Amino acid sequence: MRGFFIGRFQPYHYGHHEVIRNIITKVDELIIGIGSAQESHELENPFTAGERILMISSALDELKDELGDKKVYLIPLEDIYRNSLWVSHVISMVPPFDVVFSNNPLVVRLFTEAGKKVVNTSMYNRDEYQGTEIRRRMLENEAWEHLVPKPVVKIIKEIDGIRRIREIGGKDAGNGVIISSKSELKSLMNSKSEL
C-alpha cells in the first residue's frame, strides 16, 4: 500500500517526524508532498522547496532502520489556488496512492470528496511542534533547535536560515518589531506578504 502525506514543512520538525514514523508502520511506500513549493523567502514560508526536500531527506536518514527497504518519494507541489481542482492537480503530480494521511480539515474534505480514503494522523506536542512557533522562536532569537531533528538544524545553519528569517522580519535591518504571540506573528506575516 502506498500512502500520501502533505505539509509545508516550514521547517520540518519533530511533529512531522513522529507522524511519518507512525505512517511508515502502516504503508509499504510513502509519498511526501512538499506543499506551497513555489513559496520561499517569506516569514510564513522562509525555506525553498529544495531546502525543505534536503531537510526531510536528511532527517529521514535517522529513520533508516524503521524504514527498512520502504520507499519514500519527496515531491514538491505548487499551489494552484483553486480548491475544487487541487486534488486532481496533486494526483497528476505524484505516483498513484491508496490512502491520504492528514489532520488538515481542508485536505481531509477535498480528498474525501474525491473518493480517496483518508486517515487522521496523531498530533505530537502541537503547542511546540508547529512551524509558526518554531519560526517565531527563530525570529525572536529563542531556542528552537530542540524542536527539529539535528540534520534540520545543520541545514538551517548551513543556509543561514535564521538570518534570512530575521532579515525578512526586519530584525537584522534595524527596523524590527517585538513579536509576543503567534497571532502577532501571523499578522506580521500577512502584512509582509501584502507588500
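The table that follows gives values for the structure above.
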quantity	calculated
Contacts under 9 angstrom Cβ, first residue in segment 1-24 being touching a residue at least 24 places away in the same chain (Cβ under 8 Å) and part of a helix (DSSP H, G or I), partner surrounded by fewer than 22 Cβ atoms within 10 Å (Cβ to Cβ) and among the basic types (Lys, Arg), 6 or more apart	Gly15/Arg126
Candidate set from segment 137-166 (those that are part of a loop (DSSP other than H, G, I, E, B) and farther than 24 Å from Thr25 by Cβ); member that is most open to solvent (accessible area, probe 1.4 Å)	Asn141
Residues that are open to solvent by less than 20 Å² (accessible area, probe 1.4 Å) and not aromatic (Phe, Trp, Tyr), drawn from segment 1-28	Gly3, Gly7, Gln10, Pro11, His13, Gly15, His17, Val19, Ile20, Ile23, Ile24, Val27
Any helices (runs of 4 or more DSSP H) falling wholly within segment 57-136 and containing at least 2 residues that are open to solvent by less than 90 Å² (accessible area, probe 1.4 Å) and touching a Ser or Thr at 6+ places or on another chain (Cβ under 9 Å)	105-113
Qualifying position, being surrounded by 14 or more Cβ atoms within 10 Å (Cβ to Cβ), within 13 Å of the chain's Cα centre (by Cα) and closer than 30 Å to Ile162 by Cα, among Ile53, Ile31	Ile53
Residue within segment 165-172 that is under 29 Å from Arg21 (Cα atoms) and modelled with pLDDT of 65 or more present	yes
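The values are calculated or read from the model by the stated rules, or taken from the named source; none is laboratory data. Quantities reported herein were computed from a predicted structural model and do not represent experimental measurements. For neighbour counting, all protein chains shown are included, and Cβ atoms are generated from backbone atoms with ideal geometry for every residue, glycine included. Calculation scope for accessible area: heavy atoms of the full protein, side chains included, ligands and nucleic acids excluded. Shrake-Rupley method; radii C 1.70, N 1.55, O 1.52, S 1.80 Å.
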